[in-house]
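Down below is the structure, laid out as structure tokens.
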Amino acid sequence: MNFSFYTSAIKERLEKLQEKIEKATQKSGRRADAVTVVAVTKGFGPEIIETLLQQRILHIGENRVQEARIKKEIIGEKGIWHFIGHLQKNKIKLTAHLFDWVDSLDSLEEATLLSQVAKAIGKTLKVLVQVNTSGESTKHGTTPEQAKALCLAINELPGLELLGLMTIAPLLKEPEKARPFFSLLRKLRDQIESNTTLRLPVLSMGMSQDFEVAIEEGATMIRIGTFLLGPRPSPFLKREDPKTFL
């Protein structure tokens, strides 16, 4: 695919995304700039990330540590990098070095290990606790019942700055049916804040198929892949030259 054409397509999709964000925030009585877009760049190469950065999409979401490492070797320290995948113990050290945010903490053991590495390298990682609001066995995340205790414990760990909660709704044909899962996360956050001294300003919820509903329910951060970048290309790490964008 011609790269200039792809860049133009991203600009058009970004305009549509911003229009939808503005409409959804109006419904929830907020400004459009209350919502941060995290571009999910899994499968896309560094040129695409450079284009996003030029369009002032500064938050980059990756769920594979090795893939992010290759991209950052080319791009450097530009952008704000979010780890959005399931945290693996054997990759915690590299995760701490590469990323600015870890959006998917769901156990105290992993958080403690991450804290130890962050402290050792003199870094403060922004973190979110992932909550499994749907109860699906295929999804990671702590339970709503355990979320408060986990948040309190993580908040005490050095090298980590707990900023909020994250959830992934089930993949549903009708976005409206995802509303209860987003509503649950918001109410859970409100309960935690009411019963503790914690302040959790970030609600990361909503993806390409359901972000409008998530924003209406109070999302302050959305993870957007397909809606912004189009269909994902072939697996990045399996290409003959993974440094190319397609």
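For the range 96-125, a residue qualifies if it is among the small types (Gly, Ala, Ser) and part of a strand (DSSP E or B), and exactly one does: 104.
Kindly provide the set of residues from the range 142-165 that are over 13 Å from residue 197 (Cα atoms) and among the acidic types (Asp, Glu), ordered by number. Matches in the range 142-165: 145, 161. Taking the condition of being exposed (fewer than 12 other Cβ atoms within 10 Å of the Cβ) and either touching a Phe, Trp or Tyr at 6+ places or on another chain (Cβ under 9 Å) or under 21 Å from residue 58 (Cα atoms) (or both), how many residues in the range 18-35 meet it? Residues that pass the stated criteria total 3.
Total residues in the range 48-57 satisfying the condition of being touching a residue at least 40 places away in the same chain (Cβ under 8 Å) and surrounded by fewer than 17 Cβ atoms within 10 Å (Cβ to Cβ): the figure is 1.
If you go through the range 66-119 and keep only what is more than 19 Å from the chain's Cα centre (by Cα), surrounded by 21 or more Cβ atoms within 10 Å (Cβ to Cβ) and closer than 17 Å to residue 131 by Cβ, you end up with nothing.
Taking the residues in the range 80-95 that are touching a strand residue (DSSP E or B) at 6+ places or on another chain (Cβ under 8 Å) and outside any strand (DSSP E or B) as candidates, determine which candidate is farthest from residue 140 (Cα to Cα). Only one residue fits best here, namely 95. Determine if the range 162-183 includes at least one residue that is more than 16 Å from residue 141 (Cβ to Cβ) and part of a strand (DSSP E or B). Yes, the conditions are met somewhere in the range 162-183.
Bear in mind that the values in this text are calculations on the coordinates, not laboratory data. Just so it is clear, the structure is predicted and the values come from calculations on it, not from any experiment. Here Cβ is always computed from backbone atoms with ideal geometry, including for glycine, and neighbour counts include all displayed protein chains.
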